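What follows is a set of notes on a single structure, which appears directly below.
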Amino acid sequence: MEIKSMRFKANASGALVNTVLQGNLKTSKGKFVTRRAETIKELDDFEGTRDAATAIRNRVIDNLDLWLERFEQKALDTGAQVLWARDGAEVCRLVTEIALQHGVTKVAKSKSMLSEEAGLNQALEAAGIQPVETDLGEYILQIDNNEPPSHIIAPAVHKSLDQVADLFHKVHGTPRKTEIPALTREAREVLRSHFLSADMGLSGGNFLIAETGSVALVTNEGNGRMVTTLPKVHVVITGIEKVIPTLEDLSTLMRLLPRSATGQPISNYVSVLTGVKKPAEHDGPEHLYFILVDNGRADAVGSDFHAMLRCIRCGACMNHCPVYQTIGGHAYGWVYPGPMGSILTPLYAGLEKSIDLPHAATLCNQCGVVCPVKIPLPDLLRKLREKQTERGLRPLTERIGLRLWAWAALRPKIYALGAGFGARYLKWLAGGTDRIRLLPAAPEWTLGRDFPAPQGKTFRELYAARQKPAKETT
Amino acid sequence: MAKLRIGFFVTCLVDLMRPRIGFAALKLLETAGCEVIVPETQTCCGQPAWNSGDVPGAVALAKKTIAEFEGFDYVVAPSGSCAEHIRIEYPRLFAAEPDWRDRATALAGRTHELTDFLVTVLKVDSVPGDYQGTVTYHDSCSGLRGLGIKQQPRVLLAKLKGLSLKEMDGCEECCGFGGTFSIKFGEVSAAIAGRKCDNVLASGAQAVVGGDLGCLLNIEGKLRRMGDENTKVLHVAEVLAGGA
């Protein structure tokens, strides 16, 4: 997917004045945050479960090569084929080759963020193969001129009911409907023919289970079942970090994933798919391919960002992020929004192509406290800021400003002079009122709010004055 | 028993913007029987450097602060953010310098945010203030999620007979300040502050109170830009010490 993260600030400004988006963000924030808070209460020991999940993920990523080999062997034993892709381009090449080999003209897809990373739909179309998104949210986006998703769990969360009603009316050529069940029925009717006519099903994978060679899919709409069982070919695309050791581990992680993601105790469907259709079986694919994708993940192993590989893609960090809640997902400019995106985008798509993202956070740590696998997201954002500084990627004015400030802060007399001047200057700017309407040194502050006036003298000055008489008498 | 010797860490923002918060904190500590010393050469704890990715700057300022403050029984700051930086981040800054790491760890263990110090260390029975009116409390992120400061200010505010606390929705949500975030992404920051201010206003409280001046400047600036001239924005030290 083309990366547009360098336009973060402009994107964010646009998002702030998009009234439909603002309304939708408000509604979805309430749902995600409140429902999660309710459902985690059902667990006897939420913190203990988080610790267990963290340990499971650590066990894998600390020996990722070993677990991948185990998974590969087991998957091969079930009749699946395992292919490896270094980057998005290789994903596109492999999928296209598989499609051509099996004479595929139509691919039914359930949601896969990795196919977004790879820009797979465009590649398939270029090869004359029709990709059809069957996740309702992804389908809405696909028929709206291939709009990118704005959320990893709810890709079309930025759209309103009215917008979807207009879109279906226009694209399907049907009478305009305004009830959600009617719109859903319409989508289902359109998609059903695609399920039946697709020659290949393509899915992501929430987890790969090493002990059985299976893929686990966590979905709510049932389209995942159709995509993975009806067509004769099933291709699974996942990141190499998605392996977990056992089915027992899956049950532990499943206590956290739906609760953290959508606030459901369990998703409507949890599918564990193992191997190809056996002779006596009636359904399932005849050919099953796993494409295990690196695309920057291997470089994160053992790096300062190792902990990020624990991520189980629940989206809780973005749902709880004050910045995401304010601007939505598109502003982040790539596949993953919110705090996870501000880390994954620099790691997978390039730090120099996403200068703003590590700074687009208040470091409030709301993400860190909700993360089901305890990824220290603010620490990782800060670490990326360090890397930017080391590589000289920050704007020159900012670098000079920081350097000057730190230089002065190490010299108390100069610092005191500067603070004394600053206090008087700011007081002067306020012009006898209690506020500054335009702050020339930091105009961004006063774009949307005032800057309160200072008292006019520094604490150190007033304190020294207070101490003076006392000193003279002793 | 000998008086506890407290090194008072003023914080950059209180020094520059609101000296009266510093004096209110001094009054609270002195009333509680402490000997309070304000080291003259103190400047900044280094958190802005650390959060901006300038590790050498953060390390140099941490060393300076450690040297200035390690001789006291306790270090107290009227800010959860600065206290959190010293308590949690200082020891992590010196992974490769064991001597400094030990000194940082020792200082970290003796450093407290003001309300936390008054409640958990001094266990004060009363506070000198006499506030009359309704207030709502904004929990600042570093204090709340970094240091577990939630009940401490509420315990102290409850000692003021004329004060009634009306909790707002989302009191634990970030106000959008975020240090340099507020000037790098001013529009987004102000929009987040707008949500906070909506909650402040909806609470119906006459004042919003908090423990970190950064958040308070952000909230006050947004309230005024929104046209609210009535809601007072106060640091918890001012309320507890009286005269606010």
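The values are calculated or read from the model by the stated rules, or taken from the named source; none is laboratory data. Here the structure is a predicted model, which is why all the values come from computation and not from measurement. So basically every Cβ, Gly included, is an ideal-geometry build from the backbone, and we count neighbours across all protein chains shown.
A count restricted to region B:185-195 and to residues that are charged (D, E, K, R) and either within 7 Å of chain A (Cβ to nearest Cβ) or touching a His at 6+ places or on another chain (Cβ under 7 Å) (or both) stands at 1.
Out of the residues in region A:102-131 meeting the condition of being of a type in the set (Gly, Ala, Ser) and farther than 30 Å from A:Cys314 by Cα, tell me which one is surrounded by the most Cβ atoms within 10 Å (Cβ to Cβ). Show your work before the answer.
Pass one, region A:102-131, residues of a type in the set (Gly, Ala, Ser): A:103, A:108, A:110, A:112, A:115, A:118-119, A:123, A:126-128.
This time we only want the ones that are farther than 30 Å from A:Cys314 by Cα, so: A:103, A:126-128.
Working: A:Gly103: 9, A:Ala126: 10, A:Ala127: 15, A:Gly128: 10.
The extreme case among them is A:Ala127.
Whether a residue is within 12 Å of chain B (Cβ to nearest Cβ) and either touching a strand residue (DSSP E or B) at 6+ places or on another chain (Cβ under 7 Å) or farther than 27 Å from A:Ile40 by Cβ (or both) was assessed, and A:Thr389 passes this test. Given the structure, is B:Ala202 within 7 Å of another protein chain (Cβ to nearest Cβ) and assigned to a helix (DSSP H, G or I)? No: the conditions fail for B:Ala202.
Taking region B:64-75 as the search range and keeping residues that are within 14 Å of chain A (Cβ to nearest Cβ) and of a type outside the set (D, E, K, R), which one is surrounded by the most Cβ atoms within 10 Å (Cβ to Cβ)? Step through it out loud before you land on a result.
Looking only at region B:64-75, we keep the residues that are within 14 Å of chain A (Cβ to nearest Cβ), and these are B:64-69.
Now narrow it down to the ones that are of a type outside the set (D, E, K, R): B:65-67, B:69.
Numbers: B:Thr65: 28, B:Ile66: 21, B:Ala67: 13, B:Phe69: 22.
Out of the qualifying residues, it is B:Thr65.
Considering (1) out of contact with any Gly (no Cβ under 9 Å at 6 or more places or on another chain); (2) in contact (Cβ under 8 Å) with a residue 12 or more places away in the chain; (3) farther than 15 Å from B:Thr136 by Cβ; (4) in a loop (DSSP other than H, G, I, E, B), the lone condition that B:Glu229 does not fulfil carries the number (2).
Considering only region B:69-160, give the strands (runs of 3 or more DSSP E) lying wholly within it that have at least 3 residues that are among the hydrophobic types (A, V, I, L, M, F, W, C). Lay out the reasoning, then the answer.
On the way: elements: B:74-77, B:111-113, B:133-138.
Result: B:74-77.
For region B:200-221, the count of residues that are charged (D, E, K, R), surrounded by fewer than 23 Cβ atoms within 10 Å (Cβ to Cβ) and at pLDDT 95 or above is zero. When the residues of region A:270-294 are filtered to those that are buried (at least 22 other Cβ atoms within 10 Å of the Cβ) and under 30 Å from A:Asp379 (Cα atoms), the one that is nearest to the chain's Cα centre (by Cα) is A:Val293. For B:Gly148, the conditions (1) within 14 Å of chain A (Cβ to nearest Cβ); (2) within 18 Å of the chain's Cα centre (by Cα); (3) buried (at least 23 other Cβ atoms within 10 Å of the Cβ); (4) over 16 Å from B:Leu213 (Cα atoms) are fulfilled apart from (3).
When you check A:Pro245 against the structure, is it buried (at least 21 other Cβ atoms within 10 Å of the Cβ), more than 19 Å from the chain's Cα centre (by Cα), assigned by TED's automatic domain parsing to the domain that holds A:Ala108 and not polar (S, T, N, Q), yes or no? Write out each step before concluding.
On the way: buried (at least 21 other Cβ atoms within 10 Å of the Cβ): no; more than 19 Å from the chain's Cα centre (by Cα): yes; assigned by TED's automatic domain parsing to the domain that holds A:Ala108: yes; not polar (S, T, N, Q): yes.
So A:Pro245 fails the test.
Do we find that B:Val124 is surrounded by fewer than 22 Cβ atoms within 10 Å (Cβ to Cβ), within 19 Å of the chain's Cα centre (by Cα) and at pLDDT 95 or above in this structure? Yes; evaluated as a whole, the condition is true for this residue. Residue check: is A:Thr54 under 19 Å from the mean Cα position of the chain (by Cα) and over 29 Å from A:Ile355 (Cβ atoms)? When the stated conditions are applied, A:Thr54 passes them.
Among the residues making up region A:392-419, those that are farther than 17 Å from B:Ala58 by Cα, in a helix (DSSP H, G or I) and either more than 9 Å from chain B (Cβ to nearest Cβ) or free of Cβ contacts under 8 Å to residues at least 12 places away in the same chain (or both) are A:Leu396, A:Thr397, A:Lys413, A:Ile414, A:Leu417, A:Gly418.
In region A:1-19, what residues are within 11 Å of chain B (Cβ to nearest Cβ) and either touching a helix residue (DSSP H, G or I) at 6+ places or on another chain (Cβ under 8 Å) or under 14 Å from A:Ser160 (Cα atoms) (or both)? Don't jump to the end; show me each part of the working.
Initially, region A:1-19 is screened for residues within 11 Å of chain B (Cβ to nearest Cβ), giving A:8-17.
Result: A:Phe8, A:Asn11, A:Ala12, A:Ser13, A:Gly14, A:Ala15, A:Leu16.
Quick grid of which residues meet (1) surrounded by 23 or more Cβ atoms within 10 Å (Cβ to Cβ); (2) touching a residue at least 40 places away in the same chain (Cβ under 8 Å):
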| site | (1), (2) |
| --- | --- |
| A:Thr178 | no, no |
| A:Leu183 | no, no |
| A:Leu191 | no, yes |
| A:Phe207 | yes, yes |
| A:Ala210 | yes, yes |
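For region A:342-377, how many residues meet the condition of being part of a helix (DSSP H, G or I) and not aliphatic (A, V, I, L, M)?
Qualifying residue count, region A:342-377: 11.
Here A:Lys111 meets each of (1) within 19 Å of the chain's Cα centre (by Cα); (2) not in a loop (DSSP other than H, G, I, E, B) with one exception, condition (2). For region A:20-37, the count of residues that are farther than 24 Å from A:Ala316 by Cβ, assigned to a helix (DSSP H, G or I) and touching a helix residue (DSSP H, G or I) at 6+ places or on another chain (Cβ under 8 Å) is nonzero. Of the residues in region B:103-118, not one is modelled with pLDDT under 95 and surrounded by fewer than 21 Cβ atoms within 10 Å (Cβ to Cβ).
Answer with yes or no whether B:Ile149 is β-branched (Val, Ile, Thr) and in contact with a Cys (Cβ under 7 Å, 6 or more places away or on another chain).
Numbers: β-branched (Val, Ile, Thr): yes; in contact with a Cys (Cβ under 7 Å, 6 or more places away or on another chain): no.
For B:Ile149, the condition - β-branched (Val, Ile, Thr) and in contact with a Cys (Cβ under 7 Å, 6 or more places away or on another chain) - is not met.
Within region B:20-33, being closer than 16 Å to B:Asp212 by Cβ and surrounded by fewer than 24 Cβ atoms within 10 Å (Cβ to Cβ) holds for one residue alone: B:Arg20. Against the numbered list (1) among the polar types (S, T, N, Q); (2) within 14 Å of chain B (Cβ to nearest Cβ); (3) not in a helix (DSSP H, G or I), A:Ser303 comes up short only at (2). Among the residues of region B:132-159, those identified as farther than 24 Å from A:Pro378 by Cα and either touching a strand residue (DSSP E or B) at 6+ places or on another chain (Cβ under 9 Å) or in the same structural domain as B:Glu89 (by TED's automatic domain parsing) (or both) are B:Gln132, B:Gly133, B:Thr134, B:Val135, B:Thr136, B:Tyr137, B:Gln152, B:Pro153, B:Arg154, B:Leu157, B:Ala158.
State whether one or more residues within region A:235-247 are closer than 26 Å to A:Asp87 by Cα and without any contact (Cβ under 8 Å) to a residue 40 or more places away in the chain. Within region A:235-247, one or more residues are closer than 26 Å to A:Asp87 by Cα and without any contact (Cβ under 8 Å) to a residue 40 or more places away in the chain. Within region B:12-59, can you find the residues that are touching a residue at least 24 places away in the same chain (Cβ under 8 Å), over 23 Å from B:Asn218 (Cβ atoms) and either in the same structural domain as B:Ser182 (by TED's automatic domain parsing) or not aliphatic (A, V, I, L, M) (or both)? Passing the criteria: B:Lys27, B:Thr31, B:Gly33, B:Cys34, B:Glu35, B:Pro39, B:Thr41, B:Gln42. The requirement of being within 22 Å of A:Met226 (Cα to Cα), touching a residue at least 12 places away in the same chain (Cβ under 8 Å) and either among the basic types (Lys, Arg) or out of contact with any His (no Cβ under 8 Å at 6 or more places or on another chain) (or both) is not satisfied by A:Leu167.
Do you know which residues across region B:12-63 are small (Gly, Ala, Ser), at the interface with another protein chain (Cβ under 7 Å from one of its Cβ atoms) and in a helix (DSSP H, G or I)? Across region B:12-63, the qualifying residues are B:Gly22, B:Ala49, B:Gly57, B:Ala60.
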